[in-house]
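**Student:** Below is the structure I would like to discuss, written out as structure tokens.
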Amino acid sequence: MGFKATASGSPAPRFPYLFRLRLSYTQSASHSGPSDIKCSLVVFSIFSDGLSSPFPVIIPFKCQGELFPFTIVLLPMMQRVIARRVAANFYGQKVPHMSFCTVAEKVTGPSNDQLPNEHEKKQTISNNIHQHDIAIVGGGMVGMALACFLASVPMTKQLNIAIIDSNPALQSGFCIKKEDPPDPRVSTITPATISFLQGAGAWKYVEQNRHAYFDKMQVWDYTGLGYTSYHARDVNKEALGCVVENKVLQSALLSCIQDLDFQKTIYTSRLTSMTLHPSSTPTDKTASSSAQGNLAKLKLSDGSSIYAKLVVGADGGKSLVRELAGFRTTGWNYSQNAIICTVEHAIENQCAWQRFLPAGPIALLPIGDKFSNIVWTMSPKESNSRKLMNDEEFVKEINCALDFGYGPHPKSRLLENGNMFSWLRMDATLSANEFFEVPPKVVKLASERMVFPLSLQHANAYASKRVALIGDAAHTVHPLAGQGVNLGFGDAYALSRVIAEGIALGTDIGEVHLLKKYEMERKPANTMMMAILDGFQKAYSLDFGPLNVLRAAAFHGANFISPLKRSIISYASGEQKLPIFS
């Protein structure tokens, strides 16, 4: 005599499966009483993906007043068992002796003498599969920053991380020669981003190469009606930011990744396709798809495939991850191009300069060693013309744009007594008393001129099941305030914290409800910054008398109203305070 167990499972709102086991007991013919006793009970729910080896669980089962041990064996794909409810219906008389001959089909594995061989088989299969916790698609600055942030925190440093990027420099390293002129592709790093990178251990590598801190910035209008000076001392800071070549940032982040002790694999290949919900039905004796049933599958251009619990799209404005995951975007082209290049001065430039011109702003950013970086926004027609100019003519155009070209210099004493704006002088910051300055002259061009079209693009969502977007894959902005890469670093830092929170709570890091916490934190902040930058772009793209006066009033308000100026500096520094009175 003995028990025979069968099982059925069905999805439940809070648990993947609730299992009902029906046990039927058959007595020997010589025993009096009913020949069949049936007991039914809802015993447990199972969460997949957790155990590394078979695990036996003994459930005490009470039948007609006596307790009996009911043993089930959890296989590696099951994580934990939670007792839910036990209910028994008994028919007939007390059963003196019972024995269990099997266990529920959905949770039974091989018998005990078969378990070691089966485990070895599964272990051999898993060794042939490239499986990771997180796959970061895009080995640029933002993608590598995410890897550094994850590897620098105890809660997430045990994760197995893959970085997918076809750039061979991720394997060979970046070639940086101090005697070479700066590369025209630079980023203005805010104090908040510097703090993130210092915490991850990457900023020390930046400081080993060329970089330029600046503590002052001057912004003015081509009409000559207004200007604003910002200084770090207005908010008790040492610097407003630091200008760094992109290749220096990438090299620093790569050095940090190489030095940190964590599991990482760099695939110098391209993503070609992505399957977010592979079939969970086991096939044959090959690798059971149940092991990857809840993972994303990524196929690479070299023919290999990898699996990951979470795929992070850090692959830029033309993100393939975003496209494959089905994220929609909102945005528009600005009908503007930006020319970037490196220029040289006779003296060292220690200030950031920006002048708004009729066709778009021009920025002059210090990069160290008497070099500066130019970011000049203009119409596509103008950019094509200036791209073809010889170096001498282009240098003249730059100096004209930064000096008397298009309009006069602003008057430093526009707010004297009797002027319509004189009431703004109350409680002015120290920088408000500084005179207007002319930027240092450019003496020669030190790099090639590069041209990029400008646009605004914003993903309608940043996260879905097993996928998250960061950096330009989630949003691209106008470069007039140099905020683009800082928003991306903010994304990476926020996502790393959300992942750590999920691990602490025992949550699957690819679950959408966890990833939506990241989206809820970053999307409003990014949307606000994008709206402000887009508003600036539109406000300064028109030459209209009344509008010019309003812009002048805005410049003077930002320069002389201390709370407003401090809020603007704090917001631009990455402290996420809106530029309003505080």
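The values are calculated or read from the model by the stated rules, or taken from the named source; none is laboratory data. No experiment lies behind these values; they were computed from the predicted model shown. Every residue, glycine among them, receives a Cβ derived from its backbone with ideal geometry; neighbour counts consider all protein chains shown. These area figures cover heavy atoms from the full protein model, side chains too; ligands, DNA and RNA do not enter into them. Shrake-Rupley method; radii C 1.70, N 1.55, O 1.52, S 1.80 Å.
**Student:** Which one is nearest to the chain's Cα centre (by Cα) among residues in the range 452-476 that are open to solvent by 30 Å² or more (accessible area, probe 1.4 Å) and not polar (S, T, N, Q)?
**Tutor:** Asp472
**Student:** Test Ser269 against the criterion of being open to solvent by less than 40 Å² (accessible area, probe 1.4 Å), farther than 30 Å from Leu550 by Cβ and part of a loop (DSSP other than H, G, I, E, B), and give yes or no.
**Tutor:** For Ser269, the condition - open to solvent by less than 40 Å² (accessible area, probe 1.4 Å), farther than 30 Å from Leu550 by Cβ and part of a loop (DSSP other than H, G, I, E, B) - is met.
**Student:** What are the pairs with Cβ atoms under 8 angstrom where one residue, in the range 327-338, is touching a residue at least 60 places away in the same chain (Cβ under 8 Å) and farther than 11 Å from Ala359 by Cα and the other, located anywhere, is open to solvent by 30 Å² or more (accessible area, probe 1.4 Å) and assigned to a loop (DSSP other than H, G, I, E, B)? Sequence gap at least six, or different chains.
**Tutor:** Taking only residues 6 or more apart or on different chains, the pairs are Phe327/Asn460; Arg328/Asn460; Thr329/Asn460; Thr330/Asn460.
**Student:** Any residue that is without any contact (Cβ under 8 Å) to a residue 40 or more places away in the chain, in contact with a His (Cβ under 9 Å, 6 or more places away or on another chain), assigned to a loop (DSSP other than H, G, I, E, B) and at positive phi - is there at least one of those in the range 358-373?
**Tutor:** Yes.
**Student:** Oh, and also: Does the range 310-335 hold any residues that are buried (at least 22 other Cβ atoms within 10 Å of the Cβ) and part of a strand (DSSP E or B), and which are they?
**Tutor:** Within the range 310-335, Leu310, Val311, Val312, Gly313 meet the criteria.
**Student:** Let me ask something else. Please name all residue pairs, on different chains or six or more residues apart, with Cβ atoms under 9 Å, provided the first residue is in the range 450-466 and is under 11 Å from Thr330 (Cβ atoms) and the second residue is among the small types (Gly, Ala, Ser) and open to solvent by 20 Å² or more (accessible area, probe 1.4 Å).
**Tutor:** These pairs meet every condition: Leu456/Gly331; Gln457/Gly317; Gln457/Gly331; His458/Gly331.
**Student:** Only one of (1) touching a strand residue (DSSP E or B) at 6+ places or on another chain (Cβ under 8 Å); (2) outside any helix (DSSP H, G or I) fails for Gly506. Which number is that?
**Tutor:** The number of the failed condition is (1).
**Student:** Which one is nearest to the chain's Cα centre (by Cα), of the residues in the range 485-501 that are within 15 Å of Leu515 (Cβ to Cβ) and hydrophobic (A, V, I, L, M, F, W, C)?
**Tutor:** Ala492
**Student:** I need a count of the residues in the range 236-266 that are open to solvent by less than 30 Å² (accessible area, probe 1.4 Å) and either closer than 25 Å to Arg322 by Cβ or not in a loop (DSSP other than H, G, I, E, B) (or both).
**Tutor:** So the count comes out to 13.
**Student:** Follow-up question, since we're still on this one. Taking only the range 166-208 into account, find how many residues are in contact with a Lys or Arg (Cβ under 7 Å, 6 or more places away or on another chain) and open to solvent by less than 40 Å² (accessible area, probe 1.4 Å).
**Tutor:** 3
**Student:** Against the condition charged (D, E, K, R) and modelled with pLDDT of 90 or more, how does Lys157 come out, does it pass?
**Tutor:** Yes: the conditions hold for Lys157.
**Student:** Could you list, in sequence order, the residues of the range 152-165 that are more than 16 Å from Val498 (Cβ to Cβ) and buried (at least 22 other Cβ atoms within 10 Å of the Cβ)?
**Tutor:** If the condition is that a residue be more than 16 Å from Val498 (Cβ to Cβ) and buried (at least 22 other Cβ atoms within 10 Å of the Cβ), then Ala162, Ile163, Ile164, Asp165 are the ones that fit.
**Student:** Checking the structure you have, find out if any residue of the range 389-398 is open to solvent by 40 Å² or more (accessible area, probe 1.4 Å) and modelled with pLDDT under 95.
**Tutor:** no
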